[in-house]
Amino acid sequence: MNTYGLLASLKLKSIHGTLPDKVHSIEQDSRKVKQNSLFICIRGFRSDGHAFYSEALKKGATIIVAEEKLAIDHTKHALVIVKDTAKALAILANKYYNYPSKNMTVFGVTGTNGKTTVTTLINQLLQKNNQQAALLGTNGMQLLNESLESNNTTCDVLTNQKLLHKAANLGIDHMVMEVSSHGLDQGRLRGIDFDVVTFTNLTQDHLDYHKTMEHYGNTKGLLFAQLGNNLTQEKNAILNRDDPWYEVYNCMTPYEVISYGIYKDADFRATNITYHVDRTSFTLLSPEGEFTVTTKLIGEFNVYNTIASIASVYARGVISVSDLVTSLSDMDCINGRMQKLEIDAPITIYIDYAHTPDAIEKAIASVYPFKQNRILFVVGTGGDRDESKRPFMAEKASVADYVVLTINDSRYEDTSSILRDMEKGMQHNNYVLIENRKSAIVHVIEESEPGDIIIIAGKGLEEYQIIEGKKQPHSDKKIAVEKCAIKYNLNV
Ligand SMILES: CC(=O)N[C@H]1[C@@H](OP(=O)(O)OP(=O)(O)OC[C@H]2O[C@@H](n3ccc(=O)[nH]c3=O)[C@H](O)[C@@H]2O)O[C@H](CO)[C@@H](O)[C@@H]1O[C@H](C)C(=O)N[C@@H](C)C(=O)N[C@H](CCC(=O)O)C(=O)O
Ligand SMILES: Nc1ncnc2c1ncn2[C@@H]1O[C@H](COP(=O)(O)OP(=O)(O)OP(=O)(O)O)[C@@H](O)[C@H]1O
């Protein structure tokens, strides 16, 4: 891209040295710099990108964008000084990739729990109704036949623009994105022209980062505020009417709000809910009338997720509620989210991803309607992440008859301190602490009796555990299936 055209979008800058005519890529990570890249120095949490400018120059960068003067030979390389490199990066990335989101319908889903579920449902509803859609979130991105991994639920601003551009070139015109509070706080979504933004719920998580629930909630609100103020465009916010943050987010956007819920009056409301071991049915009251919905997703929380997705797609006015309800009926449950293992054993096992107090409460509540014998619950939490939620997780887990406290990803933290933090919240004595996750799963299955329900929560279908910063192979599902086969003499 022409360098002058690219930099023209930045007002406050000083240029030192001669700019090359063209820029061949923009990079914020010196390790990715190529010949003729523009390298922009970002001040991060762990390091300061300004420390890597010389590495970037060695790798072929021709322009450095920074917030301060750097010891650069201006006869060979150019230095552009700006006030705020994070904001400059967003502006440059959007311009470099030609504002791809402007020509797409972009859905953004935020909330403490349910983002992956709701975005997956929206993506499938669109695809089943012949729309070209792609999904970007915790599980990366699937672009036609290509899978792109992502380190974050919400990618950095440069990767977002790059992926949106790539998707647009492949003819994708609907993008469904998971939006984390970290992503919003760090400006990773800057410049994305969202059309429909959806809120699932807000409960305790990430207080290591946000410190207070108020900060956490207001940060989530940026998604609704950033929907914009241009009423010549048709945009919508889809809000959970039963959540206390409904009123706050309603105020944050000038666009029409479509509400959904169960307990309060809402535009999309579920009533007459019946719960089964492998499906849920309910009556949906909607602006297009009443429908009977059947879904393979279980539990009340998934009723919320289901109607949030229907309301989000409905907002674009292209697919009828009737077609959306039909499409939902044959959709499979979401990988690793209250996913029932297909095993021929006298017990029922669900693999789940709950790792917040609220998600744990909801996961256990979802199997209560068909509890015959005991509920056994394996739950872990991660190291080097929000410590304050740990006792509350165990408190909610105490609703189960037997609890195994274990670890999700220890990262660099001492595993026994993680377990001790959780243990403080236990409300009964029917529990054990088992640091090794594999042993925890083997133990719970060994303990099971016919008629029991086991929920293995915290990792979903992830195929690794992060220990000492390294990913070690691990699969809750594989361990559970193998142990079940031994205990109950099954042919697997
Ligand atoms: C605490 C946090 O959010 N950190 C995010 C942040 O990284 P950082 O500030 O630590 O970056 P840094 O390592 O200090 O580097 C600063 C700059 O130097 C550059 N650098 C660095 C090293 C080098 O050799 N060369 C170089 O140029 C980096 O590319 C960067 O531009 O910016 C990075 C790029 O956007 C993110 O990948 C990273 O997420 C880390 C991996 C993370 O674990 N974040 C979690 C807390 C998170 O964001 N989670 C949410 C999901 C939450 C949920 O479950 O709901 C998410 O969206 O993923
Ligand atoms: N609407 C909801 N309300 C409460 N709990 C939920 C809801 N939806 C899902 N959960 C619980 O949270 C877990 C994670 O669900 P999901 O992956 O959809 O959420 P997420 O917001 O994407 O989480 P993360 O950001 O941590 O990846 C599920 O396995 C389930 O236990």
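The values are calculated or read from the model by the stated rules, or taken from the named source; none is laboratory data. Predicted model, so just to flag it, every value in this text is computed and none were measured. Neighbour counts run over all protein chains shown; Cβ positions are idealised from the backbone, glycine included. All accessible areas refer to the heavy atoms of the entire protein, side chains included, with ligands and DNA or RNA removed. Shrake-Rupley method; radii C 1.70, N 1.55, O 1.52, S 1.80 Å.
Please count how many residues of segment 377-394 are more than 16 Å from ligand 2 (Cβ to nearest atom) and either open to solvent by less than 10 Å² (accessible area, probe 1.4 Å) or in a helix (DSSP H, G or I) (or both).
Count: 1.
Every residue, every condition in (1) touching a Pro at 6+ places or on another chain (Cβ under 6 Å); (2) surrounded by fewer than 20 Cβ atoms within 10 Å (Cβ to Cβ); (3) closer than 24 Å to TYR368 by Cα, yes or no:
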site: GLU300; (1), (2), (3): no, yes, yes
site: ASN305; (1), (2), (3): no, no, yes
site: ALA308; (1), (2), (3): no, no, yes
site: ALA311; (1), (2), (3): no, no, no
site: ALA315; (1), (2), (3): no, no, no
site: ILE319; (1), (2), (3): no, yes, no
site: SER322; (1), (2), (3): no, yes, no
site: ASP352; (1), (2), (3): no, no, yes
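When segment 1-47 is examined, which residues are found to be surrounded by 12 or more Cβ atoms within 10 Å (Cβ to Cβ) and of a type in the set (Asp, Glu)?
Across segment 1-47, the qualifying residues are GLU27, ASP29.
Within segment 202-230, can you find the residues that are in a helix (DSSP H, G or I) and touching a Lys or Arg at 6+ places or on another chain (Cβ under 8 Å)?
The answer is LEU207, ASP208.
Give me the pairs, please: first residue somewhere in segment 208-228 and not assigned by TED's automatic domain parsing to the domain that holds THR381, second residue anywhere and modelled with pLDDT under 95 and of a type in the set (S, T, N, Q), beta-carbon distance under 8 Å, and either six or more positions apart or on two chains.
Close Cβ pairs (under 8 Å, with a partner that is modelled with pLDDT under 95 and of a type in the set (S, T, N, Q)) amount to ASP208/SER388; MET213/GLN204.
Note down all Cβ pairs under 6 Å where the first residue falls in segment 172-189 and is outside the structural domain of VAL313 (by TED's automatic domain parsing) and of a type outside the set (Ser, Thr, Tyr), the second is away from ligand 2 (no atom under 15 Å from the Cβ) and open to solvent by 10 Å² or more (accessible area, probe 1.4 Å), and they're at least six residues apart or on different chains.
Here the result reads none, with nothing in segment 172-189 linked to a residue that is away from ligand 2 (no atom under 15 Å from the Cβ) and open to solvent by 10 Å² or more (accessible area, probe 1.4 Å).
Can you give me the ranges of the strands (runs of 3 or more DSSP E) entirely in segment 405-492 with at least 1 residues that are in contact (Cβ under 8 Å) with a residue 24 or more places away in the chain and of a type outside the set (A, V, I, L, M)?
431-433, 464-467
Would you mind stating whether ILE407 is more than 16 Å from ligand 1 (Cβ to nearest atom), among the aliphatic types (A, V, I, L, M), surrounded by fewer than 23 Cβ atoms within 10 Å (Cβ to Cβ) and farther than 20 Å from VAL277 by Cα?
No, not satisfied.
Just to verify a result, which residue in segment 189-209, among those that are at pLDDT below 95 and open to solvent by less than 40 Å² (accessible area, probe 1.4 Å), is nearest to ligand 1 (Cβ to nearest atom)?
Ranking the candidates gives ASP205 first.
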